[in-house]
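Please read the structure below before turning to the comments.
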Amino acid sequence: MEERFERQARNERLMRTVNDRIAALDERATGWAAPEQRFEFQCECGQRGCEGRLLMTLTEYERVRAQRDRFALVPGHETPQIESVVQQDERYLIVDKRDAVEHLVD
């Protein structure tokens, strides 16, 4: 596995941590929110300089996080060498890490 792809996978783990904190804050601050209300999350692509944003409901984001090797990305930010798209929506993609880098995102 190329070093740049390993670095990207580690960066994705960091962005997921940021989004977990966003979700926790949104959930506490907006316990009254309707299930269809969307919140802004960071793209978890791990690519240097990405400032992409995703609009997702808390339920959608929780679905991504139900598996530790899945991430939410802006469409077009996927990297086939380290992940495969498992769900696509007009607002976001859900990707699953390939076995070669899965240990880097724990």
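The values are calculated or read from the model by the stated rules, or taken from the named source; none is laboratory data. It should be emphasised that the depicted structure is a prediction, and the values quoted were computed from it without experimental measurement. Neighbour counts are summed over all protein chains in view; Cβ atoms, including those assigned to glycine, are modelled from backbone coordinates with ideal geometry.
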Legend entry - Count of the range 65-84 residues which are out of contact with any helix residue (DSSP H, G or I) (no Cβ under 9 Å at 6 or more places or on another chain), aliphatic (A, V, I, L, M) and surrounded by 15 or more Cβ atoms within 10 Å (Cβ to Cβ): 1
Inset, instruction - Would you please list the contacts, defined by Cβ atoms under 9 Å and residues six or more apart or on different chains, that run from a residue in the range 62-78 that is closer than 18 Å to GLN37 by Cβ to a residue that is assigned to a loop (DSSP other than H, G, I, E, B)? - result: VAL64/GLU44; VAL64/TYR92; ALA72/CYS43; ALA72/GLU44; ALA72/TYR92
Inset, instruction - Please work out which one of (1) surrounded by 18 or more Cβ atoms within 10 Å (Cβ to Cβ); (2) under 20 Å from ALA34 (Cβ atoms); (3) at pLDDT below 95 is the condition THR57 fails and give its number. - result: (1)
Inset, instruction - Determine the pairs where a residue that is in a loop (DSSP other than H, G, I, E, B), located within the range 34-59, has a partner that is of a type in the set (S, T, N, Q) and loosely packed, with under 11 Cβ neighbours inside 10 Å with Cβ atoms under 7 Å apart, the partner being 6 or more residues away or on another chain. - result: PRO35/THR59
